[in-house]
Every structure is written in C-alpha cells, then in structure tokens.
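The values are calculated or read from the model by the stated rules, or taken from the named source; none is laboratory data. Please read these numbers as outputs of a predicted model, since none were measured by experiment. Here the Cβ positions follow ideal geometry from the backbone for every residue, glycine too, while neighbour counts run over all protein chains shown.
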Amino acid sequence: MRPGLEGVSLLDVRDLSYCYPDGHEALRGLSFSLAPGERVALIGPNGAGKSTLLLHLNGLLPDRAPTRPAIIVDGLPLVEANLPEVRRRVGLLFQDPDDQLFCPTVWEDVAFGPQQLGIAEPQLSQLVRGSLGQVGLGGFEDRLPHHLSRGEKRRVCLAGLLACDARLLVLDEPTSDLDPRGRRELMALLTRLGVGQLIATHDLEFVVEICPRAIVLDGGRIVADGPTLELLDDEPLMLAHGLERPHILRHRHPH
Amino acid sequence: MLRDRFLSPYQHGSSAIHRLPAGAKLAAAIGGVLLVVMLPRSAWWAYATIALGLVGIALLARAELRQMLVRLLLLEPFVLGIAVLALLRPGGVPLFLSMLTKSTLCLATMILLTATTRFSDLLAVLWRIRMPALLVTTIALMHRYLFVLVEEMERMQRARRSRTFIPGRSSAWRNSAQVAGQLFVRTSERAERVYLAMCARGWKA
Amino acid sequence: MHVPDGFLDARTLVAAAGLAAVGLGLALREVRRHLPPRRVPLIGLAAAFVFVAQMLNFPVAAGTSGHLIGAALASVLLGPAAAVVAMTAVLLLQSLMFADGGITALGANILNLAVIAPLVAHGVYRAVRSAAGDGLQATLLAAGFAAWCSTMAAALACAAQLAASGVVAWGTVLAAMGGVHMVIGLGEAVITMLIIAVVVRARPELVATAAPATPQAHRTAVAYGAMLVIGVMILVAPFASSLPDGLEHVAERFGFADRALEGQPALLPDYAVVPLADTSPWLATALAGALGTLVAFGVAWFVARALATPGRLHTRR
C-alpha cells in the first residue's frame with residue numbers, strides 16, 4: 001500500500017467504516033491517500049461499496065457528519081462545520097447526469113454552485129462561460145437540459161463543478177452510458193484537467209488508458225492499491241474480485 | 001419525437017416578439033385575457049379587433065401558424081363542453097356564442113405567448129415577482145423532470161406492451177397502473193438523488 | 001374539470017382566487033415548517049409525476065379513455081400540504097404552457113383541484129383508515145373512497161362556481177356535473193387504488209400517511225369526516241331548492257339573457273332529474289348523493305378486497 005505524501009495530500013481517508021441503517025456493512029476500515037493532481041481509478045465488483053465511498057467524500061453519508069473525521073480534504077477535516085467548504089473542494093459527479101442537472105437551463109445549472117457560494121455578476125457569467133469553455137461546451141448557455149446528449153449533460157455537470165474551483169473531482173461511472181465518441185471526448189477532457197480525480201468505474205480499458213494508479217475495492221475493503229498496469233495485469237487478482245484482465249493488456253508484449 | 005413537439009409549445013425564433021422581455025409579454029397576455037373576459041357579451045367588434053391583433057402578432061413573430069392552430073383545435077372541445085351548458089337556459093344562444101368567442105380568444109392569446117416565450121424565462125419572471133420560493137422551485141423541478149419522466153414512462157409502457165399477450169381493457173388498466181406505480185417509485189428514488197446532488201453543490205434548504 | 005377563461009364572472013373569479021391563495025398559503029407554510037428538507041425536491045418531481053400520470057390511458061369504451069386526476073393519489077403519497085403545492089404547480093403549468101384551464105380562472109381551478117380535492121381526499125382517507133385499521137385492504141379502501149370523494153368535491157365546487165356566474169342554473173349543473181363525476185369518480189377511485197397497490201407492494205414505506213394510532217386521533221378523524229359530510233349536505237341542500245330563483249333574478253340584472261325569460265320554455269327542467277323533483281328537490285338531491293356515495297364506497301371496498309388478496313383479480317408483481 002502506497003503511503004500518502006504526508007502534509008501535501010489532497011485527500012486523506014483514515015480507517016473509514018460505514019454501516020447502513022439496515023445493518024449492511026458497506027465500508028470496513030478504508031485507508032488511502034491522494035496527492036494533488038493525481039488521477040486514481042476505483043474499481044471493484046458491484047456492491048463493493050464504491051458509490052457509498054464516493055458519497056462519503058462529499059459528506060452526504062452518513063446523515064450526520066462524524067465528530068471524529070475519517071476524511072481529510074486538502075488539510076480540512078470533514079466535520080459538520082466544514083461541510084460547505086469540503087463540498088466545494090470535492091466535486092462529486094453523479095452517475096446519472098439527470099440527477100445532477102436539475103436547473104432549467106445549462107447556464108443556470110453551471111451557475112448554481114457559484115451562486116450558493118455567494119458569487120454574483122459580473123464574475124458569475126464569466127465563471128460560467130469559462131467553465132463551459134473548459135469542457136468544450138462554449139455557447140451552450142441557453143440550451144435546455146433535455147435537448148442534450150448524455151455526454152453533453154455529463155460535461156455540463158463537470159462544468160458546474162469546475163465553476164466552484166473544485167480541487168478533487170470524484171466521478172461515479174462516468175463512461176457507463178456513453179457512445180464511443182462521447183467516451184473518447186470525456187477521456188480527453190479528463191486528461192486535460194489538472195485537478196485530482198478519483199474515478200469509480202467498470203471500464204477497465206479506460207482505467208488503463210488514463211489512470212496511472214488503481215484501488216481495488218471488494219466487500220467494503222481495499223484489497224489492492226498500486227500502479228494500474230501491475231494490478232490489472234494480475235489476472236488472479238482481477239478474477240478474485242469480480243473483475244478481469246482488460247483486453248488492452250492481453251495483447252501487450254512483455255517487452 | 002412527436003411527444004416532445006407536443007409538450008414544448010415554444011417555437012424557437014428571433015423575431016421582435018421573441019426578443020421582448022418575458023415579463024412584459026406575460027403581463028400583456030394576462031392583460032389581454034382580462035380585457036376579453038371583462039368585455040360586455042355582445043362586443044363583437046371588440047372581439048374581431050382583438051382577433052386581428054393576435055393574428056398580426058403571430059405574423060410578426062413569424063410563428064408556425066399551423067402548429068398553433070392545431071393546439072387551439074385540440075383545446076376547443078373542452079371549451080365547447082362547458083359552453084354547451086349555456087344552451088340549456090332559455091335564450092342561451094347569444095351567451096353560448098359569446099362564451100365560446102371569449103374563451104377561444106383567451107386560448108389563442110396564451111398559445112401565442114407560450115409559442116414566443118421560453119418557459120425558463122417565464123420562471124425567471126415568477127422569481128422576480130416574489131412568488132414563494134418553494135412554489136417556484138417546485139415548478140422549476142417539475143418542468144425539468146417532465147421530459148425525463150415522460151421518456152421513462154414511454155419505455156416502461158413499451159416494455160409492458162411487449163409482455164402483454166392478452167389484449168383488452170383489464171390488462172390495459174393493469175398495465176397503466178403498473179407503469180404509474182413503478183414510475184412513482186422511481187421518481188421517489190430520483191428525488192432522493194436530486195436532493196443529494198443539490199446538497200453536494202452547496203444547497204441549503 | 002379545468003375551467004377555461006371567459007366563463008366565470010368577476011365576482012366568482014376573485015372569491016375563488018382569494019380562497020385558493022389562502023389554501024395555498026397555508027399549505028406552503030405547513031410544508032416549510034414540517035417537511036424535512038430531503039423531501040422538498042420530491043414535491044417538484046411528484047408534480048411532474050402527476051402531470052405524466054395524467055397522460056396514461058385507461059380505456060373505457062369505444063375508443064374513449066379515462067384519465068387520472070391525481071389529487072387523491074398525491075395526497076396519500078405526499079401528505080396533504082405537499083399535495084396542495086404539487087397540484088398547484090401542475091395546474092399552473094397546464095394553464096401557462098398548454099392553455100389547459102384559463103389564466104383568469106386559475107384561482108378557481110387551483111381552489112377546486114389543488115386545494116379542495118387533496119384536502120377532502122386527506123380527510124376521508126384518515127377517517128376511513130382510522131375506522132378500517134391497518135393493512136393493505138384498509139389502505140386501498142381508504143384511498144379509493146377518498147379519490148371518489150375528492151372528485152365529487154371538486155366537481156361540486158366547480159358546479160357552484162359556474163352556477164354563481166350565471167352560466168347555468170344550479171339544479172341543472174349540479175345534476176350534470178354531479179352525475180357525470182359520480183361515474184368519473186369511480187374511475188378515479190379504481191385507478192388510484194391500482195396505483196397505490198403497486199407502490200405499496202414495491203416500497204411500502206412510500207405510502208407514509210400512517211393511520212392515526214391514538215384513540216384521540218381516531219375521534220378527531222371521525223369528527224372531521226362527520227363535519228365534512230354535514231357541511232356538504234348543508235351546502236348542497238338549500239341551493240337545490242331556493243337558489244335557482246335567486247340566480248334567475250341575478251341573471252336578469254346582469255343582463256345576460258337578451259330576451260325576456262318569462263314565457264320562454266326552458267330546454268331542460270331546472271331540477272334534478274329524479275321523480276321526487278317536483279315535491280321535494282332537496283330530498284331528491286340528498287337521496288341521489290347518498291346513493292352515489294354508498295355505491296362508491298361499495299365499489300371501493302370490493303376492489304380493495306380483490307387487490308389485497310393475492311391471486312384473485314390482480315396478479316402478483
């Protein structure tokens with residue numbers, strides 16, 4: 001297990017555990033760290049606890065933030081008082097963009113976060129335009145959400161997070177329902193963005209292509225954490241945790 | 001999608017009418033409707049003038065008259081249904097005609113308004129006139145998720161229909177109810193996720 | 001039941017709008033005070049749900065279809081205050097966007113469908129559940145009967161508004177709208193029950209309007225129910241006997257009939273089409289109402305029993 005760079009880490013998770021009200025133990029003593037700008041994949045079988053972990057990173061679970069925080073974001077412990085700031089620094093991208101894109105127009109949706117932070121005109125419009133430009137959707141300000149494709153909706157959501165100056169993007173299955181072009185565009189966009197990223201995904205090819213490091217989660221526990229190529233090439237490890245060695249690695253020559 | 005066209009009355013355009021501020025258009029439309037409603041029953045010349053005015057605005061807006069006419073025709077039966085009640089009174093024919101005319105003019109006004117004004121702009125007007133925040137948020141969310149739910153409903157209906165082997169009213173009722181029930185469950189679950197998303201982006205209830 | 005522009009007179013419009021504003025204001029206040037924040041988005045999404053559910057077809061005969069109104073359904077699933085807000089949003093959208101329901105008549109439509117209908121549904125639902133107890137059958141019975149009552153209440157209110165505006169005599173519109181909606185209400189009851197049955201089976205916690213547990217609450221619910229029934233009788237009865245004359249008088253003053261009313265044969269008698277009409281219009285109306293209510297309750301009971309018993313009419317999910 002790779003130790004985090006103490007003192008400079010973007011995200012520090014220490015012994016995080018969580019039990020659902022119905023008794024189901026979703027997370028058991030998770031510990032890991034992320035350095036600023038790092039792009040890490042979070043992989044594992046269904047039910048491993050990936051989505052649960054992601055919700056924790058924004059303080060959406062548990063219902064009341066713990067007194068002894070297990071999560072530290074950019075040096076800020078995740079406690080009740082820090083929730084607004086943590087939610088700003090950690091931008092959570094939901095799996096279904098329709099859940100997150102809840103405003104009437106694209107402009108209003110990207111502006112939602114900054115408005116909650118108290119940003120007003122004229123910086124607000126500049127921020128919205130800038131963020132939309134960053135994700136390649138310049139000129140989309142007046143568009144209506146239901147006229148956009150899935151990929152475009154996702155990028156609008158991303159723009160909304162970037163507009164709040166998020167330092168860490170946490171993405172839940174971002175390529176799950178994209179067509180090949182949408183997927184390529186998203187990969188290009190994520191590599192362009194300099195912020196740290198934690199990406200929960202089933203798309204192992206995607207992981208190989210853009211995530212240097214991977215964390216394998218199974219049954220609420222971290223079973224592996226290391227360089228992507230090492231982990232994903234380890235066939236027994238992959239199969240043991242409901243995954244498989246991605247095709248892209250099968251055809252690589254050992255030299 | 002035909003449904004989409006039917007559900008969105010807005011016709012995209014850049015005419016002078018389109019560019020007028022939404023608040024002004026809404027006020028004018030409501031004012032127009034009030035005027036028509038207040039007019040004395042046999043003010044036929046006034047009715048004709050207003051009708052001409054509406055046609056004029058429609059032409060200025062370069063609106064798709066056919067689509068608006070279709071909407072108008074679809075709504076007429078409801079107007080007729082109530083106006084017919086007036087015929088049940090002695091001497092009710094002039095009343096029937098005047099109610100029919102008034103109603104139709106009002107319908108046409110609102111159809112014209114929604115054809116030239118985006119709903120999101122109308123929502124912004126509601127915010128500005130200080131309509132209770134809870135109500136405006138409700139309307140905004142309703143409008144946003146209307147199309148999402150319609151698509152979900154259509155998908156579920158298609159799935160149900162492909163598994164319905166016995167035609168007839170009974171299975172049609174059961175299918176529709178099943179779709180509605182499932183849709184509500186999914187809507188509830190989505191509402192939870194929307195709440196989480198709103199909190200994640202800094203919303204404070 | 002959406003009243004378009006141009007039918008109701010100014011006095012009725014203003015009175016209805018005032019009452020609607022009060023009802024809506026109280027509901028908003030109730031929601032702000034007592035609804036947990038995590039259920040706030042649900043109101044908006046449920047409004048979308050009601051709108052969409054109203055599009056579903058429930059074929060009746062020869063190509064015609066019935067449709068859900070949804071006030072009772074919303075009341076049972078969301079609670080009365082949230083249902084008022086949701087139904088108001090639906091009506092606003094229908095009026096603004098689709099010209100379904102007049103913009104000046106918005107107050108009346110909101111009063112009928114977004115205030116009266118959900119509140120009556122809630123009152124009846126609570127009353128029946130407190131009497132019938134827990135369990136799926138009781139819930140369905142309560143919801144079904146509540147749906148019928150709410151439809152009738154909205155229809156009667158609408159009829160009263162049309163009569164008060166001089167569009168048509170009270171006796172006529174009561175018979176017409178009341179009679180028609182007795183049947184429509186049955187459809188609403190059955191549809192509501194079918195949908196609630198699906199929801200309860202999938203996620204029972206969503207039908208959260210719990211029956212009152214304490215005997216004190218039971219008594220309160222029954223008292224509300226009794227007050228409601230008595231109130232309706234009081235409202236309906238005198239109108240049936242005395243108001244048509246009053247309306248005729250008012251109508252003449254407003255000058256809506258261009259020709260003199262005397263000496264003109266009416267196209268349809270002004271009173272309820274029941275044999276007792278000539279001697280006692282009040283009794284005839286009351287009997288018709290009571291009979292209809294009993295039939296509705298019976299239908300609701302029968303369907304609820306069928307739905308709650310697996311393997312009978314309704315196949316298990």
The correct count of residues that are within 7 Å of chain B (Cβ to nearest Cβ) and under 17 Å from C:Leu113 (Cβ atoms) in the stretch C:31-51 is 6
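Kindly evaluate B:Arg158 against the criterion of being in contact with a Cys (Cβ under 9 Å, 6 or more places away or on another chain), more than 7 Å from chain C (Cβ to nearest Cβ) and of a type in the set (D, E, K, R).
Working: in contact with a Cys (Cβ under 9 Å, 6 or more places away or on another chain): no; more than 7 Å from chain C (Cβ to nearest Cβ): yes; of a type in the set (D, E, K, R): yes.
No.
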Using the structure shown, decide if B:Leu35 is over 24 Å from B:Leu122 (Cα atoms), assigned to a helix (DSSP H, G or I), within 14 Å of chain C (Cβ to nearest Cβ) and without any contact (Cβ under 8 Å) to a residue 24 or more places away in the chain. no
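Which members of the stretch C:1-30 meet the condition of being of a type in the set (Lys, Arg) and within 11 Å of chain B (Cβ to nearest Cβ)?
First, pick out the residues of the stretch C:1-30 that are of a type in the set (Lys, Arg): C:11, C:29.
If the condition is that a residue be of a type in the set (Lys, Arg) and within 11 Å of chain B (Cβ to nearest Cβ), then C:Arg29 is the only one that fits.
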A:Arg88 vs (1) in a loop (DSSP other than H, G, I, E, B); (2) within 14 Å of the chain's Cα centre (by Cα): all pass except (1)
Those residues of the stretch A:56-84 which are out of contact with any strand residue (DSSP E or B) (no Cβ under 6 Å at 6 or more places or on another chain) and part of a strand (DSSP E or B), in sequence order: A:Leu76, A:Pro77
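Just wondering, is there one or more residues in the stretch A:131-145 that are within 10 Å of chain B (Cβ to nearest Cβ) and not hydrophobic (A, V, I, L, M, F, W, C)?
Looking through the stretch A:131-145, at least one residue is within 10 Å of chain B (Cβ to nearest Cβ) and not hydrophobic (A, V, I, L, M, F, W, C).
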Taking the stretch A:208-246 only, how many residues are surrounded by fewer than 19 Cβ atoms within 10 Å (Cβ to Cβ) and either assigned to a helix (DSSP H, G or I) or touching a Cys at 6+ places or on another chain (Cβ under 6 Å) (or both)? 10
Going by what's in this entry, would A:Glu235 be described as touching a Lys or Arg at 6+ places or on another chain (Cβ under 9 Å) and either free of Cβ contacts under 8 Å to residues at least 40 places away in the same chain or basic (Lys, Arg) (or both)? yes
Residue selected from the stretch C:110-167 under the condition within 14 Å of chain B (Cβ to nearest Cβ) and outside any helix (DSSP H, G or I), by the criterion surrounded by the most Cβ atoms within 10 Å (Cβ to Cβ): C:Val167
Might you let me know whether the stretch B:170-188 holds any residue that is modelled with pLDDT under 90, surrounded by fewer than 20 Cβ atoms within 10 Å (Cβ to Cβ) and on the phi > 0 side of the Ramachandran plot? no
Please state which of the following conditions B:Asp121 fails to meet, knowing it meets all the rest: (1) crowded, with 19+ Cβ neighbours inside 10 Å; (2) more than 8 Å from chain C (Cβ to nearest Cβ); (3) in a helix (DSSP H, G or I). (1)
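Quick one: which of A:Pro122, A:Pro114, A:Pro84, A:Pro97 is over 22 Å from A:Pro174 (Cα atoms) and crowded, with 21+ Cβ neighbours inside 10 Å? Outline the logic, then answer.
Working: A:Pro122 fails: crowded, with 21+ Cβ neighbours inside 10 Å; A:Pro84 fails: crowded, with 21+ Cβ neighbours inside 10 Å; A:Pro97 fails: over 22 Å from A:Pro174 (Cα atoms).
Testing whether each residue is over 22 Å from A:Pro174 (Cα atoms) and crowded, with 21+ Cβ neighbours inside 10 Å leaves just A:Pro114.
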Any idea which of A:Glu152, A:Glu205 is at pLDDT 90 or above, over 24 Å from B:Ala197 (Cβ atoms), more than 14 Å from chain B (Cβ to nearest Cβ) and assigned to a helix (DSSP H, G or I)? A:Glu205
Among the residues of the stretch A:19-67, what is the count of those that are β-branched (Val, Ile, Thr), farther than 15 Å from A:Arg221 by Cβ and surrounded by 15 or more Cβ atoms within 10 Å (Cβ to Cβ)? 1
Here the residues within the stretch A:217-232 that are out of contact with any Lys or Arg (no Cβ under 8 Å at 6 or more places or on another chain) and of a type in the set (Gly, Ala, Ser) are A:Ala224
Condition first: touching a residue at least 60 places away in the same chain (Cβ under 8 Å), under 18 Å from the mean Cα position of the chain (by Cα) and under 30 Å from B:Tyr10 (Cβ atoms). Can you find one or more residues in the stretch A:207-220 that meet it? no
Verdict on A:Leu158 being assigned to a helix (DSSP H, G or I), under 17 Å from the mean Cα position of the chain (by Cα) and touching a residue at least 24 places away in the same chain (Cβ under 8 Å): yes
Checking B:Val33, B:Val79, B:Val84 in turn, the sole residue that is surrounded by 16 or more Cβ atoms within 10 Å (Cβ to Cβ), under 15 Å from C:Gly6 (Cα atoms) and modelled with pLDDT under 85 turns out to be B:Val79
Determine which member of the set C:Ala62, C:Ala74 is among the small types (Gly, Ala, Ser), surrounded by fewer than 23 Cβ atoms within 10 Å (Cβ to Cβ) and farther than 16 Å from B:Tyr145 by Cα. C:Ala62
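If you check C:Gly63, C:Gly70, which single one turns out to be modelled with pLDDT under 90, farther than 29 Å from B:Gly202 by Cβ and more than 9 Å from chain B (Cβ to nearest Cβ)?
Working: C:Gly70 fails: modelled with pLDDT under 90.
When all the criteria are applied, what remains is C:Gly63.
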Counting only residues that are over 28 Å from the mean Cα position of the chain (by Cα), at the interface with another protein chain (Cβ under 7 Å from one of its Cβ atoms) and over 16 Å from B:Arg144 (Cα atoms), how many does the stretch B:178-205 have? 7
Please work out which one of (1) assigned to a helix (DSSP H, G or I); (2) over 19 Å from the mean Cα position of the chain (by Cα) is the condition B:Arg62 fails and give its number. (1)
Failed condition for A:Ala48, given (1) at the interface with another protein chain (Cβ under 9 Å from one of its Cβ atoms); (2) of a type in the set (A, V, I, L, M); (3) part of a loop (DSSP other than H, G, I, E, B): (1)
